[in-house]
Amino acid sequence: MSGWAKKRFWKETTVEDEGEGFGVRLDGRAVKTPAKAALIVPTRAMAEAIAAEWDAQEAEINPTAMPTTRGANAAIDKVRIQHGEVADMLAEYGNSDLLCYRAAQPQELIARQAEAWDPLLERAAKELSASLRPLSGIMHVDQDARSLAELRKRVHALNEFELAAFHDLVSLSGSLVIGFAAVHGWAPIDELWDVSRIDETWQEEQWGVDEEAQAQAAIKKEAFLHADRFFAMAR
């Protein structure tokens, strides 16, 4: 089966050992990616999650309700082919990491950022051998080249499924350090999401909540949480 079918056409969804990984079959027919590659994933847990998404489809198939399937498709059809480019793009976040750009005022926001962000930078220095300096204001200053090289090496070491998840963890939070914090379990994933939104939360406290922005933030949070689950299933 290739691409997305509009109507449910199968009765039984199964997970099969494919030798090099695990696949999903619909009435015995192997699920394939939109690019017609074999949808073979590295762990049974991921395959079972994909199978559960397909099994949950009713008369009409809803791809938006199948995030694990979409993540596996992206890992196989896109990240596997462009692994180096994707890894390089994510590694660049280290030189402009959210956690390094601090408010110049007011003091309450400065203190809130320091309390939440400094411990993560300290762990990055200790556990990732990457010392990143916090800066006040919006002017860009290059970080230490050796630290950036270490972070780049760690990003490139991720396999395509891990990197697909890591992409969302980093891009949604705006922080390479938060991405590593998530995959290394430095803090609960919900807490890391909140840490990434200190500036937005501060603005809401000062000016009130924008309902449209809040709805978009909820969508991004769910994607962030799912990326964390997907990464765990990839190992």
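Give A49, A56 a once-over and let me know the one that is over 17 Å from A234 (Cβ atoms) and either small (G, A, S) or modelled with pLDDT of 95 or more (or both).
Going through A49, A56 in turn, the sole match is A56.
For the range 99-217, which fully contained helices (runs of 4 or more DSSP H) count at least 3 residues that are closer than 25 Å to F230 by Cα and over 16 Å from the mean Cα position of the chain (by Cα)?
107-127, 145-156
Report the residue count in the range 26-58 for those that are more than 27 Å from the chain's Cα centre (by Cα) and under 17 Å from A164 (Cα atoms).
Total satisfying the criteria: 0.
Kindly provide the set of residues from the range 77-97 that are touching a residue at least 40 places away in the same chain (Cβ under 8 Å) and either touching a strand residue (DSSP E or B) at 6+ places or on another chain (Cβ under 8 Å) or not in a helix (DSSP H, G or I) (or both), ordered by number.
Once the filter is applied, which keeps residues that are touching a residue at least 40 places away in the same chain (Cβ under 8 Å) and either touching a strand residue (DSSP E or B) at 6+ places or on another chain (Cβ under 8 Å) or not in a helix (DSSP H, G or I) (or both), the range 77-97 yields R80, D97.
When you go through (1) at negative phi; (2) modelled with pLDDT of 95 or more one by one for G185, which number turns out not to apply?
(1)
Here are the criteria: (1) surrounded by 14 or more Cβ atoms within 10 Å (Cβ to Cβ); (2) modelled with pLDDT of 95 or more; (3) more than 23 Å from the chain's Cα centre (by Cα); (4) not in a helix (DSSP H, G or I). Tell me which single one G23 does not satisfy.
G23 satisfies every listed condition except (3).
Identify the single condition in (1) in a strand (DSSP E or B); (2) under 15 Å from F230 (Cα atoms); (3) of a type in the set (D, E) that E16 does not satisfy, given that it satisfies every other one.
(2)
The values are calculated or read from the model by the stated rules, or taken from the named source; none is laboratory data. Note that the structure is a prediction, hence the values are computed from the model and not measured. Reconstructed Cβ throughout: ideal geometry from the backbone, glycine too, with neighbour counts over all protein chains shown.
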